[in-house]
Structures are given as structure tokens and as C-alpha cells.
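Step one of this worksheet: look at the structure below.
The values are calculated or read from the model by the stated rules, or taken from the named source; none is laboratory data. In this text, all values refer to a predicted model and were calculated from it rather than measured experimentally. For neighbour counting, all protein chains shown are included, and Cβ atoms are generated from backbone atoms with ideal geometry for every residue, glycine included. Please note that ligands, DNA and RNA were not included when accessible areas were found on the heavy atoms of the full protein model with its side chains. Shrake-Rupley method; radii C 1.70, N 1.55, O 1.52, S 1.80 Å.
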Amino acid sequence: MIDLQALTVSLLVGTGFVIISYYIIINIYYLIVHVLALFELRDSTNESEWKPPFYPFGSPFYPGIAMVVPAYNEEASIVESVRSMLTLNYPDQEIVVVNDGSTDRTLEQLQKAFKLEAVAAPVPYDVPAKPIRGVYRSTRYEDLLVIDKENGGKSDALNAGVWLTEQKLFCAVDADTVIDRNALLQIVRPFLEDPEKAVASGGTIRVANDCTISDGEVTEVTLPKTGLAGLQVMEYLRAFYSGRLGLSRLKGLVLISGAFGIFRTDYVRAIGGYRHDTITEDLDLVVRLHKYLCDEEIEYTVDFIAEPVAWTEVPESFRVLGRQRRRWYRGMVETAVTNREMLFNRKYGRVGTVILPFFIAAEAFGPLIEGLGYILLPLAWYLGILSIEFFLAFFLLTTGFGVFLSWFGIASEVLSFNRYDDPRDILRLLWYGILENFGYRQWKTVVAWQGLLEYLRGENSWGVMERKGFGGGVDGGPDVDVDVDTDTNSAGSAPGEAGALASGAATAARVDTSGFIWVQNPIEREPAFGVIDGGVDGEGVGEGENEGEEDGESTDDGGFIWTSLPVTERTPADDTGFIWVSVPIAAVDEEDIQSDQVVRDDSNLEMTGDERLDDGGFIWTSLPITDTGLLSEEAPREAHEDRFRD
Amino acid sequence: MSSVPLQVVEFPPVALLVGAVIIGSALIAVASLTIGVSLWEAWRRRRQEALRTELAGELLERLFGRDDPEWEQWVGSLSARQRRELEPVLDSYLRSLDGSDRIKLAGIGPALGINNRSRRHLQAGSYWHRLHALTWLTLLRDPPDRDLLRTHSTHTPSERATAARILYASETPDCSTTGTDLLLADNPSAFSVFGVDTLYRVSEGNPSPLFERAAADYDEWSPALEQQVLLVTRHLNTVVGSADLSWIVQSLSSPTERVRVAAYRALDAYGWNSDIRTQVNVRAISEDPSPAVRASAYRMLGAWGDRAAISELRLAAAVESDPRARVVAVEALYPHDHHTLADVQPELAAAWTWAAEHARFDALARDISSRRSPQ
């Protein structure tokens, strides 16, 4: 017994030394990355402040960019997204929308809005993607191409777009990402400054929750009201303004967000495009690009530009965020394992010998080791070998250093682009830098362990999320669509955190309560519909000023989804009920409208399934709500569908 | 259970204290800096926006509302802060205006002391100071002495390009010669897109200096620079009949793929030149291992567009093994060769229908654009 105790104590002490040593090494790495980020930020700011005295739109030498937009069941927002992209400032731009076997009316919406006509010819070369059902071009917009293909997931859709464009560069962008008007002109800068060597370039992803978005552009930047989203804002700043800038300075950027990044089309084709069997295709792509270019001994740069900004929503519930972060974690481990031959291999230069090993040590092992520490500490206390003074001192020092790194990222933002006008927002961000150390950070270690277990179990689903969108869906329809999160892991996070940061999805509707669910999305110029059939049980489901909306009361910024069961208990088969839509009923697939359905407007006019309302109303559906595009985050989906989107 | 002392991992109190002081100080410093800058910026931004709006209004009133804007007098009445804020406003309008309005507006530069300051920075400033100085002089159309440019503006490709840009923007008589000299003397490394555009602009009216330098120095250039000069050559509309273009022909056999690609396209405008054509071994196109090079050559033959070129193109398309290059060949062929699908060789049928369809859509879009433009 004594021997066993001695062995346990020795193990604990040894593990403690390993953890402390690891902590010191990793934090030195973080500190170096953060300090280098300052230099990079200074240079980046200088470069962005210098505007060459010429007019880009008059130059024939700007490289063409294809915006490749994978779309799966995006009927609510795809038209607005494409319109927004058509208005981006760039001299030579093409939009390639890839409809990845959507089961809703994504393609029809595009056809109608942009006067698409089918190209009456099969694609005359092989495309490494699921079969292409048709290619469409707009008769109005010369630079809009729509590819309709069978469902194959996001990577598959991106590959179709990459193979069908003739542009020198392509920009992978999520359909629901809001891009600053001048972002393309900024993100392309490495390709302008060093056209021979630039291979990829990424911009900053920022959190759009609670920002004001008008005409497809973020017009007012405010910090989200909820703490979880606010914490993520702080994480994003730390990841982008410290982590990625620092890695870019080291010429070792291994991650460009899948929500907004541009790449040389020919090199991406040369490595076979995006891999289908990965759940973080963006990380995998950049790592493979490094590998290929080193193998071929091609001089290249992969750059991060701080100023071009794309905006995305982040999850506002721990459940959704946890799912997102587990996926990121699994993807990071998967990419590390797949490309393990690069590790400590001098052939792959700085990326192979320094960056990737540290990246993996910090981002993959960090949270695991920290989580282990949370288990060992009580054990050590129980065994009486924990020096409370030492523990407190260590905790304060590590926490203090973590807060310092977080504040470093916020300071970088304030010193450079300073998008948050209100100093109170900055104060809140600083507060979040402290707050995350008490609960949130520990929660992330649990998530990392769960991610590791999922990876070991071979789980490869993306998980499904709901996203409230940025408002103003097609025809003003409720802009709730289901999405899975985007991307990415990042360096520059506090020690022990996965630091997986970039664009993500958000849960908008409260889906864990039965009854009518208020969907808070702007619905422009749509007539109101009274709530019918069964009355409203709005208790606990209303949000903010919209809470307590009454029957028949006009509403111009949202709608109700009625569910017959608590969402947490629903199965797809149970997902029946009335769904309020403001889009024309004609926009709903006929097969979605069952024979026993009743469609009513606020005057209680009953209509049969083959009748149509022009401007919306309640639809009874006995199908899973998933089939209407208004998905519960609990609703299971086929794996290939789950994996589609970021 | 007996407790085991953990003396080995206890830090000396002094070490802990030092660590705490360092981290605590760093936290206080970062927080103070962040909050301070945030408050300052918020205050500054509010004032700046109002001030710039006010200054822009006054500037436009003087520019468009008076015969004599009296820049000196107005600037003399402004505070130092107002003068500082006026500069970005001026920068913005100088980039967007043209003609007599721009010339009139540029008169405010000397009043603000920008011209003299820029010359000083050019002589003794840092890299960014020099670059901004060159930019101001370009916007103000105020070319400095050539010696000053040669001595202080050729350290980097960006400076070279901006220096040459001043000459182009100011429409100086030596724009082509001195501009090309500034850009290409001493065999610089590759340019940014701005540099390439500037080389194009200074050579647009008179490509002879560029061609002469290329003929002399081409062998010493890096492949990246070769490619860029070839790219510029492709876009030059002014054809020089007597120019020595053997360097382009020489580039067709460059070991670097991208140089060969650029070289074929550079010859787009020289299909009429029998001397050049005899030097280009069109039959060798099919033997190039790179589909991208072959595709570029097909585009060149399409641009030449005469019977002999189209005949070669048709032959090459028929034996092209790469599907993507085959499509390019057919796209180049299509405008000159309106066969119906039934007349097309079977191996080209798929590419032909694809090219025909896209040509139809292109024409449709152009038609819509042309119908829109009068409105």
C-alpha cells in the first residue's frame, strides 16, 4: 500500500513537472507569437495606409477573383448574399454559386432573381466532384455562374467551383458571411505586392452578432449583448490580431478561415482541391498547400491581412458552441495526423520544424493537459501533496498571463483599426478577458477532451446548427437557416485552450421550449399574419421587445414557429406543426405540402394544398421541419448533409 | 495517509513576487494603454468627423464657387490641427477629380507645404516617408528633379514605380525614357501590380524605350521580371514595327513555364509581322509539355486570326490531349470558324458546344450592357 501510494505520489509529482514545463514552453511560444504580431500589425497598418496613386479599376493587371459560394438549402438568404457579393468593389470579379444538391428552392430562387438560363452543354472536362446536373449563367450579370450538382458536401462544392472558374484566384466564402465592400481590394494585397510568390491570403473574421447590417454591409459595429458571444469576440480578436498575425510574421500561417480567404486557383487544383474526407477543409487545404509547395521547391507566401474583414455570427448557446468547438478540435487532430510526415521534417522548412509542432502542442495538447491538471489537482490535494500556496501562486500567475495575452489582442485592435467606437465596449472586452478564466476556459478543456474522444471513435459529423442570419431573407422570409459552424483553429489563444476560432454559426431561435417560437429576423415589407390554431403560448419564448406579440398583431421583424413538442424531445417525425412563413407559399415545394394541409392567412381563409397565397402565411406540415429549411438543431440529418457547410 | 511534502516544487517567495510584479505591471500597462487609446480615439474620431466635414465643405466651396480659391489665405487662417485634417480630405479629392478642377485643387498643396515637405522626406525620410512623399508629388503633379528621383527613389520596386508614376501623371516629355529607366535600371526584382501598371502606362504612348531595354537586358532579368515585361507588352496597343522583338521569341523556349505562357500572349498583337511569325515555330506548340503554355499559344493563334493561324489552330485542337487546353483552343477557334456542331470533329464536339454556349451568353450579357449604357 505504501508502495502504491509512493508510486501515485511520484506519478503525480512527475506529471506536475511535465505540466509546468509544458506550460512554460508553450507560453514562451505564445509570447513570441504575440510580440511578433505587434511588428506585423505595425507593418500591416503602414501598408494599408499607403494607397498607390492609381485607379485599380482602370488597371488591366489586377488578378481576377472568383467568389466560390457553396450553397446548401440557402433559399432564404442566397439571393441577398449574391446581390451583396455583386456589389463588392473589385475590378475583375466572378461569382460562382454552387448549389450542392439543395432540397429546398435555392436554385429556383437564383434562377428567378438573376434570370438564369441553363448552359446547354455538358462540362467538357473532368471535375473532381459529385456529378454536375447543370451549369447556369445569368442573362443579366455576365459574371455570375451557377453550378447545380448532386450533394457532396462543402469540399465537394468548393471543388466544383474551383474547377469551373478560369480566374487566377478564387475566394472561398460562406453564403452567409457578410463581407466589407472593400475587403477584396484589401485581401488581394499580397497578390498585388508579390504576384509571383503569393499563394494564399486570409482576412479577419469578426463577430456580427448584434451589429447593424444594412444592404449586405455591416454599418454599425457593436459588441454582442450576450456574454457568450462577447467572450467569442475577445477570442477572435486574440486569435486574429495576435495569433495569425504572429504566425504570418513567422511565415508560418497554417490556417486561413474557410469563411473568407483567397487562393491561387492553379495550386489548389494541383493538390487535388479540397479533401472530401475532412471536417476542417480550410485548415487541411492550407497545410497541404505548404506541403506541396515545399515538395516542389516553389517559393511562396501565405499571408494574413488584418484589415479586410468578413463578418459572421457566432453561437450564443454553450450547446451549439460546444458542438462547433468539438468539430474544430477533431479536424485539427485529423489534419495533424494526416500530415504527420511534415512534423519535424526539415524539408518543410519553418512550417514543418517549428510552426506545426508548436501549433499542435499548443492547440491540440494544451486543453487536454489543462484538463488533466483539473483532475490531478483535487487528487493531489486528497493525497496531501498539494501545496496550497504553490497552487494559488501558480493559478494566479497562469491566469494573469492568460489575461495579459487576451488583453494584448484587444490592445492590438484598439491600436490599429479600432472598429469598436464605444470605449465601454473595450472595457467589456477587457472584462471578458478576465471572465473567461473562471468557467469558460475550464469548459473548453472538457470540450477538447470530448472532441478527442469523438475523433478516436471515428465520428465525422459536422453537427447541425441554426443560424438566424443577417436579416432580410429572400422576399423577406424568416431568415432562419440551419447551418453548421465554420473553420478554424488558431494560434494565439490562451494556454490550454483549443483556440479554435473563426466564423461560426449561431443559434437564433430558442429551440428548447415547446409552443410558438419567436424567430427574430427582419422581414421586410411583409404583411402580418395572425397567430392561428391553438393560440400562443409565448411564455418563455419571446425575446426582448418582441415578447408578448399578440394574435393578429402586425409584425415586421420576425415570425413564430409553432412546435407541438418540446424541441429537445423532438424527432424528425414529431416535427409537425404550423410554420409561419412570409415568403410566398409558392416558394414551398409541393411535396412539402401534404394533402391534409391547411394554409391560412389572417382572415382565416382556408386553402387547399394546390392553392397558393401570394405573400405568405402559416403552413401546416407533417414533414420534419428540417425539410422546410427551418431546422431544429436537434434534428438529425444525413451525414453528407451535415458535413456540407461551415 | 501520510502527507508527502512537496518542497521540490515550491517556488521561492521572491521568485513568485517577481513573477507577480512583472505580470501585474504588464496587465496594468496593457489595460491603461488600451483604455486610454480607446478613449482618445473615440474623442478624436468625433472631432475629426465634424472637422473634416466642415473642411471639405469649405474646400469645395472655394474650388467650385470662386474664380480664385485663395488657398494661401485660407490655409493661413487654419490651425495646425485643421491643416493636418485637411490633408486626407485633399488626398481624397485629388484622386477623384481630373482636368482643370484637379489642377486648381492641386494649388493648395504648396499652401499646405506638402510639396516642400515631400521633397525633404524624399531626401532624408524613412521608407514610408519616401513612399508617401512620392505619392503626394504624384497627386499634386509636381515632378521633382530627375537626379533626386534616381538617387532617392530606386531602393525598392514600390519606390521605383511611384517615382515613374509621377512622370506619367505629370505628362512629362521624358515619361517613357526616364520612366522606363527608373523602373528597369539595374535589373530590379519583380514589381507589384502597381509597378506593372506603371510600366504599362509609361510605355503606352511610346514602347520603344521598353523594347530597347528588354532587348539589351532581357538575359539578365529574373523569370518573374521577364514575365511581367511580357505581360505589359501584351497589353501595349502601340505596335512598333521596327522594334527588336527577338527577346520575346527567345522567351518562347524559356525553361520557365510561366514565361512561355506570357511570351505567347505577348505576341498577340504581332500576327501581321511576318518577321516575327517566321521565328515562331507554330508546329512546335503541340510539343510543349505544359497544357497552360499550349493554351496560351492557342489564344495567340486566335488573336492572329488569319487563315494560316486558324488552320494551325484547328490542327492543334484536333490533337490536343488536355481537355482544358482543348476548350481554350476551341474558344479561340470559335469566333473565326462558325461550323455547326455536325461539322466539328467528334473529339472536339463537347468542347465546341461548351464554347458555343458560353459565347452565346457572353454576347447576350454584352448586348444587355450595351442596352443599359445609353441610359
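Brief remarks follow.
- What the phi angles of segment A:76-82 give under the Karplus curve with 6.51, -1.76 and 1.60, with θ = phi - 60°, is a coupling list of 6, 10, 5, 5, 4, 4, 5 Hz, glycine and proline written as x.
- For segment B:321-336, 3J(HN,Hα) computed residue by residue from phi via the Karplus equation (6.51, -1.76, 1.60; θ = phi - 60°) reads 8, 8, x, 5, 5, 5, 4, 4, 4, 5, 4, 6, 6, 3, x, 9 Hz, glycine and proline entered as x.
- Cα-based shape type of segment B:1-138, given that a ≥ b ≥ c are square roots of the gyration tensor eigenvalues and the cut on a/c is 1.5: prolate
- Here B:Arg366 and A:Thr87 are evaluated by their C-beta separation; at R0 = 30 Å the FRET efficiency comes out at 0.90.
- Relative contact order for segment A:63-484, counting Cα pairs under 8 Å that sit 6 or more residues apart, in percent: 18 percent
- Normalised contact order of chain B, rounded percent, pairs of Cα under 8 Å and 6 or more residues apart: 7 percent
- Across peptide B:35-45, the average count of Cβ atoms from other chains found within 10 Å of a residue's Cβ is 5.
- Among the chymotrypsin sites (Phe, Trp or Tyr not before Pro) in segment B:260-341, those placed in a DSSP loop whose Cβ has at most 15 other Cβ atoms within 10 Å are B:Trp272.
- Other residues within the sphere of radius under 12 Å centred on the Cβ of B:Phe211, judged by their own Cβ, net out at -2 (K and R +1, D and E -1).
- Whole-Å distance, taken between Cα centres, linking segment A:173-191 and segment B:185-202: 26 Å
- Helical content of chain B, expressed as a calculated mean residue ellipticity at 222 nm, amounts to -22500 deg cm²/dmol (DSSP H runs of 4 or more residues, -39,500 (n - 2.57) each, divided by residue number, nearest 500).
- At full extension, A:Glu220 and A:Arg269 could sit 13.8 nm farther apart than now, given 0.36 nm per residue minus the alpha carbon distance.
- Spin-label model distance (nm) - A:Leu456 vs A:Leu392, 7 Å beyond Cα toward Cβ: 3.6 nm
- For A:Arg181 and B:Trp128, the FRET efficiency from 1/(1 + (r/R0)^6), where r spans their Cβ atoms and R0 equals 25 Å, is about 0.45.
- Residue-level accessible surface for A:Phe344, protein heavy atoms, 1.4 Å, Å²: 150 Å²
- Heavy atoms of A:Glu389 accessible to a 1.4 Å probe, total area in Å² rounded to 10: 130 Å²
- Magnitude of the charge dipole for chain B, about its Cα centre and with charges confined to Cβ atoms of Lys, Arg (+1) and Asp, Glu (-1), is about 1000 debye.
- Number of partner chain Cβ atoms within 10 Å, mean per residue of A:56-62: 5
- Surface calculation, 1.4 Å probe, protein heavy atoms: A:Ser387 sits at approximately 10 Å² accessible.
- Cβ neighbours within 10 Å from other chains - mean over B:186-199: 5
- Sequentially through segment A:6-15, phi angles give Karplus couplings (6.51, -1.76, 1.60; θ = phi - 60°) of 4, 5, 4, 4, 4, 4, 5, 5, x, 4 Hz, Gly and Pro residues having no value and appearing as x.
- Between the residues B:Leu225, B:Ala185, B:Met300, the greatest Cα displacement towards the positive end of the dipole of segment B:175-314, with unit charges on the Cβ of Lys, Arg, Asp and Glu, is found for B:Met300.
- In this calculation the C-beta distance from B:Leu60 to A:Arg42 is compared with R0 = 25 Å, giving a FRET efficiency of 0.10.
- Under 5 Å from the amide H of A:Val69 lie the amide H atoms of A:Val96, A:Val97, A:Val98, each residue being 5 or more positions distant or on a separate chain, with H modelled from the backbone and absent for Pro and chain starts.
- Secondary structure note: in segment A:63-484, about 50% of the DSSP beta bridges are antiparallel.
- Gain upon complete extension [B:Glu87, B:Ser321; 0.36 nm per residue less C-alpha separation]: 78.4 nm
- Sorting B:Asp68, B:Asp367 by accessible area puts them as B:Asp68, B:Asp367; the probe is 1.4 Å, largest comes first, and only protein heavy atoms count.
- Segment A:63-484, dipole about Cα centre (Lys/Arg Cβ +1, Asp/Glu Cβ -1), debye to the nearest 20: 1080 debye
- Extension gain (nm, one decimal) between A:Leu376 and A:Trp443, 0.36 nm per residue minus Cα-Cα: 22.5 nm
- In degrees, nearest ten, helix B:208-217 long axis to first principal axis of chain B (Cα): 90 degrees
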